[in-house]
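Student: Supplied in structure tokens, the structure appears directly below.
The values are calculated or read from the model by the stated rules, or taken from the named source; none is laboratory data. The model shown is predicted, which means the values in this text are computed figures rather than measured ones. Virtual Cβ from ideal backbone geometry, glycine too; neighbours counted across all protein chains shown.
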């Protein structure tokens, strides 16, 4: 493959290596956020910011931004866990709507936030409804309007549909190379809805 | 083992930091190259912070991974020609991609500078 001349970067690389060596010598990964389950109840939405170094840099520079969301549900043992739509995050994991412990969800997080729907009835409805979507495949296509495959915010919007409380902020449109015009439900647009209040 | 890990970390961070000073044109070319190679996590960093913050990260990774698969199905990326201009903190490029099977794809890409770094803009 050929690309146009990128130009010389020797000085930049040397400087970067020196800086990186300093980082490698002293850097520590950011502490994983903990989740206080006592503050949560079924139907709450748990948001996270990814744990990549780049996400951390974006958070530091711009004050945050959620990249993923799941719905808190009651576990078989009476505790709390989460249902979310996600690609596999570990070998052998199902690519789609699945249950996960709160701890496992936090394991991939740089930051965590919990938001509570203003209607407890709607929240309970959505928590129960989310179970209905377990096993659906992750939506890796651009067909945002189909519920046969789901991604994180789409699952939330679908779970609350018919609950009496809409948690669908509408689609945000972006042009991304190779993808063209992409319409998605933004986690940040969802978190900003007045029907939600932050509890964690 | 720990020293090898640290050395690898140094190299990875060095490459990432070196890329920080790339021009808008280089950012565009690197984006397509990285998607072609399946380096989706790296490719996503070329998108503007606004785009990344407003899109579900997993969704973005998944759809770009699918594009990577489609590029490989066409024999992989052979050449990239990006032509355009940068003026001040914005620019626009016409990109011509040629694949291993001889097929062509043309795209228009906007770039913008945020805090001195070029990104692919929405």
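Student: Can you find a residue in the range B:53-62 that is surrounded by 15 or more Cβ atoms within 10 Å (Cβ to Cβ) and in contact (Cβ under 8 Å) with a residue 24 or more places away in the chain?
Tutor: No, the range B:53-62 contains no residue that is surrounded by 15 or more Cβ atoms within 10 Å (Cβ to Cβ) and in contact (Cβ under 8 Å) with a residue 24 or more places away in the chain.
Student: Now, a different point. Look at the range A:160-178 and say how many of its residues are within 14 Å of another protein chain (Cβ to nearest Cβ) and either surrounded by 18 or more Cβ atoms within 10 Å (Cβ to Cβ) or farther than 16 Å from residue A:150 by Cβ (or both).
Tutor: 9
Student: Which residues, counting only those in the range A:99-110, are part of a strand (DSSP E or B) and surrounded by fewer than 20 Cβ atoms within 10 Å (Cβ to Cβ)? Before the answer, list the steps.
Tutor: Filtering the range A:99-110 for residues part of a strand (DSSP E or B) gives A:99-101, A:109-110.
Once the filter is applied, which keeps residues that are part of a strand (DSSP E or B) and surrounded by fewer than 20 Cβ atoms within 10 Å (Cβ to Cβ), the range A:99-110 yields A:99, A:100, A:101.
Student: If you don't mind, there's one more thing I want to ask. The conditions are (1) in contact with a strand residue (DSSP E or B) (Cβ under 7 Å, 6 or more places away or on another chain); (2) modelled with pLDDT of 95 or more; (3) within 8 Å of chain A (Cβ to nearest Cβ), and residue B:75 fails exactly one of them. Which is it?
Tutor: It fails just one condition, (3).
Student: Scan the range B:19-41 for residues that are assigned to a helix (DSSP H, G or I), farther than 19 Å from residue B:90 by Cβ and more than 9 Å from chain A (Cβ to nearest Cβ) and jot them down.
Tutor: The answer is B:34, B:37, B:40.
Student: Does residue B:106 count as out of contact with any helix residue (DSSP H, G or I) (no Cβ under 8 Å at 6 or more places or on another chain), part of a strand (DSSP E or B), more than 9 Å from chain A (Cβ to nearest Cβ) and farther than 30 Å from residue A:85 by Cα? Explain how you work it out, then say what you get.
Tutor: On the way: out of contact with any helix residue (DSSP H, G or I) (no Cβ under 8 Å at 6 or more places or on another chain): yes; part of a strand (DSSP E or B): yes; more than 9 Å from chain A (Cβ to nearest Cβ): yes; farther than 30 Å from residue A:85 by Cα: yes.
So residue B:106 fits the description; yes.
Student: While we're on this one: Would you pick out the residues in the range B:96-112 that are under 15 Å from the mean Cα position of the chain (by Cα) and either free of Cβ contacts under 8 Å to residues at least 24 places away in the same chain or more than 18 Å from residue A:175 (Cβ to Cβ) (or both)? Spell out the reasoning first.
Tutor: Kept after step one, since they are under 15 Å from the mean Cα position of the chain (by Cα), are these residues of the range B:96-112: B:96-97, B:107-112.
Within the range B:96-112, B:96, B:107, B:108, B:110 qualify.
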